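Heads up, the thing below is written out as structure tokens.
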Amino acid sequence: MTTALLSIRQGRVTLRKTMVWCAALIVALLLTVLIAALIGSEKLPTNASACSILSVGMNPCGLTRDQLDILFQIRLPRILLAAAVGGSLATAGASYQALLRNPLAEPYLLGVSNGAAVGTMLALVFFGTFEWSRPFMAFVGSLLATFAVYRLGRGRVGATPERLILAGVIVTTLLSSVIVFVTTLMDATRIRSFTFWLLGDLSGANRRLLPLTISVAVIGTVILTLNARSLNLLMLGERDAFDLGVEVSRVRITVFLVASLLVGSSVASSGSVGYVGLVVPHLARLSLGSDNRISIPSAAILGALFVIIADTVARTIIAPRELPVGAITALIGAPLFIYLLKRD
Amino acid sequence: MLEVHELTIRYADRVAVREASLSLQGGKVTALIGPNGAGKSTLLRALNGQLKPAGGSILLNKESLERFSRRAIARQITVVAQESELRFPVTVIEFVLGGRFVWANNSGWGWESEHDLEVAESVLAETELRELSGRLMSELSGGERQRAVLARALATEAPILLLDEPTANLDLSHQATLLASVRKRCDSKNAAALVVTHDINLASEFADVVVLMKAGELVQTGTTREVLTPELLEKVFDVSVLVDAHPISGVPRVTPVHETLRHFENQ
């Protein structure tokens with residue numbers, strides 16, 4: 001084998017490399033879940049809690065009823081929700097970036113999260129009793145916002161990154177005014193919790209919607225990962241991808257639908273957690289390269305990790321009071337956005 | 001391999017290509033030349049299935065192009081266009097392996113096989129990019145990037161190559177090496193190539209067949225000697241030309257005679 005051939009084979013993304021990385025990240029994720037469950041305003045005995053979690057609640061390991069409730073009714077559902085939301089948003093961000101050929105594309109900045117928020121609010125106001133109407137309307141809202149931004153962002157010369165972000169700003173502000181309008185229809189007691197929710201808040205972890213949010217996150221990530229090689233070519237340009245055999249419109253529709261579903265389900269349960277879709281895929285690409293076959297699944301797991309950590313900070317930093325998790329993610333994400341904008 | 005019968009392409013309000021008939025054959029390089037806006041690129045895009053014909057037919061291996069899936073077309077026909085602007089860091093080898101997508105077993109998650117790597121290796125050698133395979137595309141010069149675009153197209157192993165002004169941004173020596181690679185592919189693998197170009201002398205040197213196009217219509221098709229005549233070129237380009245034989249190869253050599261040159265004649 002010649003040296004040039006060796007160099008071609010070295011450093012390339014392979015199935016093996018992807019599997020090893022994902023396995024390592026999953027181990028890190030499980031450890032983080034365990035550690036985050038032990039941290040909180042109420043001190044829990046470390047060994048007994050770990051023992052109880054590892055037995056999936058079958059064995060109390062000496063914990064009291066109250067401690068078990070804190071662990072399994074409050075903390076773990078919230079951590080699992082954080083993981084699902086983080087995974088969903090990071091996957092959606094990574095796919096939008098590849099499809100729209102824009103390293104700055106992100107559900108929050110594109111206004112897609114706001115679309116989902118409007119959908120959720122309308123569901124709350126008009127179909128408050130039907131819990132399932134929220135994720136559904138959130139999905140419809142994010143899908144409509146996605147199409148609006150996509151249409152607005154495409155000029156005669158195609159979509160430039162700046163034009164797309166500008167379209168995102170327009171859609172975001174428009175939807176913000178709708179949100180303000182709908183908020184005025186609510187009674188005063190709900191407005192505060194609402195404002196919190198809008199900023200991205202995991203404290204209202206809804207146990208009935210949790211299985212849905214987790215399933216959507218996992219299935220959505222799998223579907224988008226299965227389109228990763230097409231996205232690799234789309235990242236180089238729609239015409240290049242078409243010429244090389246990608247069914248561009250099919251992949252575009254798939255990404256729009258699945259990413260909207262991911263954003264919709266996470267916004268319905270936790271509001272608009274911003275910048276996750278920007279920070280995490282960027283981190284994944286920086287360390288693992290641009291190949292979506294490795295960067296999308298890694299971004300999903302890293303996103304879960306990121307939001308669990310951000311939420312742990314949000315609920316402990318000024319305990320017993322809490323910050324919305326969106327405030328923490330924005331604190332990390334906004335400077336990175338500025339950096340990316342300046343670098344281009 | 002690819003037969004076009006009375007193809008008409010219409011944009012919303014105008015006809016871009018009118019009743020064009022053309023045939024691409026294995027082992028032959030066809031040059032498509034004509035003034036700006038003649039519809040050359042439109043015709044090329046239609047041959048690839050990107051633009052739907054308003055009339056006429058395109059037959060790929062004697063079957064209508066419309067009956068093929070996107071991937072099936074891409075396995076037969078590959079396009080070399082001006083490279084798109086890259087916004088993500090991609091290495092040369094990753095870029096070239098993009099050409100192997102058409103042969104992946106499934107459309108998304110598929111991983112490159114040993115054979116894919118061997119093909120990529122051989123086209124990198126063919127386009128003299130082997131040493132640069134680990135570099136980022138953004139680190140290459142314009143000429144090297146254009147060669148990578150060609151390498152990616154060759155990596156598809158498609159027997160029909162459509163090239164849209166492949167030499168536009170290249171210097172003299174790279175223009176020739178790029179077209180030499182195309183010529184070699186046609187000769188050794190019996191591929192057919194259609195090259196849209198503004199460089200008539202380059203076309204004269206490398207093409208077997210020349211097609212002249214003006215205002216959406218194919219004016220003349222034939223060998224270089226048949227088509228590159230002063231009468232036809234003046235008719236198509238509205239400029240006087242001088243055609244003589246190339247001192248080395250003997251192929252027609254075309255020199256435009258602009259008004260500004262007339263006063264040299266009188267001296």
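Suppose R0 equals 41 Å. What FRET efficiency, 1/(1 + (r/R0)^6) with r the Cβ-Cβ distance, do A:F130 and A:K43 give to the nearest 0.05? Between A:F130 and A:K43 the formula returns 0.55.
Candidate membrane-span-like segments in chain B, meaning DSSP H helices with Cα atoms spread over at least 15 Å of their own axis and a Kyte-Doolittle mean of -0.5 or above, are B:114-126, B:142-155, B:172-189, with no membrane implied.
Length available on full extension from B:S138 to B:D187: 0.36 nm per residue minus the Cα-Cα distance, which gives 14.4 nm. Applying 1/(1 + (r/R0)^6) with r as the Cβ-Cβ distance of B:T8 and B:Q82 and R0 = 30 angstrom yields a FRET efficiency of 0.70. Name the shape class, rounded, prolate or oblate, that the alpha-carbon gyration tensor gives for region A:163-275, where a ≥ b ≥ c are the square roots of its eigenvalues, rounded holds for a/c under 1.5, and otherwise prolate holds if a/b is larger than b/c and oblate otherwise. Oblate, since a/c reaches 1.5 and b/c is not below a/b. Rounded to whole Å, the principal axis extents of the Cα atoms in region B:2-54 read 38, 22, 18, largest first.
Counting only the Cα atoms, region B:84-242 fills a convex hull of 145 Å³ per residue. Per residue, the accessible area of chain B comes to 45 Å², computed with a 1.4 Å probe over protein heavy atoms only. Summing charges over all other residues whose Cβ lies under 11 Å from the Cβ of B:A20, with Lys and Arg as +1 and Asp and Glu as -1, gives -1. Values of log10 I(q)/I(0) for region A:1-141 across q = 0.09, 0.15 Å⁻¹ run -0.51, -0.99, by the Debye formula with one identical scatterer at each alpha carbon and no solvent.
This model, with +1 at the C-beta of Lys and Arg and -1 at the C-beta of Asp and Glu, gives the protein assembly as shown a dipole about its Cα centre of some 1760 debye. For the protein assembly as shown, the Kirkwood hydrodynamic radius comes to 27.1 Å, computed from all pairs of different C-alpha atoms.
Chains B and A together bury some 3700 Å² of accessible area, summed over both sides, with a 1.4 Å probe.
Work out the mean other chain Cβ neighbour count within 10 Å for the residues of B:73-82 and drop it here as an integer.
Numbers: counts 3, 6, 1, 0, 2, 3, 5, 1, 4, 1.
Partner Cβ neighbours, averaged per residue: 3.
Considering region A:82-343, its Cα convex hull presents a mean projected area of 13.4 nm².
Probe radius 1.4 Å, ligands and nucleic acids left out: which of A:M137, A:M235 has the largest accessible area, and how do the rest follow?
Numbers: A:M137 45, A:M235 10 Å².
Solvent-accessible surface, decreasing: A:M137, A:M235.
Can you list the DSSP H helices in chain A whose Cα atoms extend at least 30 Å along the helix axis and whose mean Kyte-Doolittle hydropathy is 1.0 or higher?
Working: long enough: A:15-38 (35 Å, 2.12); A:76-99 (34 Å, 1.08); A:161-184 (35 Å, 1.66); A:248-270 (32 Å, 1.42); A:292-316 (36 Å, 1.17).
Those that clear 30 Å and a mean of 1.0 are A:15-38, A:76-99, A:161-184, A:248-270, A:292-316.
Under 5 Å between amide hydrogens, built in the peptide plane, is the criterion, and for B:K28 it picks out B:A193 among residues at least 5 positions away or on other chains.
A:F256 exposes around 0 Å² of accessible area when a 1.4 Å probe is run over every protein chain in place. Residues of region B:121-136 whose accessible area (probe 1.4 Å, heavy atoms of protein chains only) drops by at least 40 Å² once all protein chains are present, relative to their chain alone: B:E121, B:R130. Distance from the C-alpha centroid of region A:242-320 to that of region A:35-97: 21 Å, rounded to the whole angstrom. For chain B, the spread of Cα positions along the three principal axes, ordered from largest to smallest, is 66, 42, 34 Å. For chain B, the dipole from Cβ point charges (+1 on Lys and Arg, -1 on Asp and Glu) about the Cα centre works out to 640 debye, to the nearest 20.
Averaged over peptide A:207-215, how many Cβ atoms belonging to another chain are found within 10 Å of each residue's Cβ?
On the way: counts 0, 0, 0, 0, 0, 0, 0, 0, 0.
Partner-chain Cβ atoms within 10 Å, mean over residues of A:207-215: 0.
Counting Cβ atoms of other protein chains within 10 Å of each residue's Cβ and taking the mean over peptide B:109-117 gives 4.
What number comes out for the charge environment of B:L170, summing +1 per Lys or Arg and -1 per Asp or Glu over other residues with Cβ under 13 Å away? Could the numbers behind the result be given before it?
Values: positive: B:R145, B:R147; negative: B:E83, B:E144, B:E165, B:D171, B:D199.
Taking every other residue near B:L170 into account, the sum is -3.
Taking Cα centroids, how far is region B:127-184 from region B:193-216 in Å? Computed from Cα coordinates, the inter-centre distance equals 19 Å.
With the highest mean first, a sort of the peptides B:240-249, A:93-102 on other beta-carbon atoms found within 10 angstrom per residue produces A:93-102, B:240-249. Largest GNM mean-square fluctuation among B:D238, B:D171, B:D13, using chain B with Cα springs under 10 Å: B:D13. Using the Cβ of A:A330 as centre and a radius below 14 Å, the other residues enclosed give a net charge of -3, where K and R count +1 and D and E count -1. Counting protein heavy atoms only, the protein assembly as shown has 60 percent of its accessible area on carbon and sulfur, 1.4 angstrom probe.
The values are calculated or read from the model by the stated rules, or taken from the named source; none is laboratory data. The structure presented is a predicted model; accordingly, all values stated were derived computationally and were not measured. Note that each Cβ is placed from the backbone with ideal geometry, even for glycine, and that neighbours are counted across all protein chains shown. In case anyone asks, the SASA skips ligands and DNA or RNA and just uses the protein heavy atoms, side chains included. Shrake-Rupley method; radii C 1.70, N 1.55, O 1.52, S 1.80 Å.
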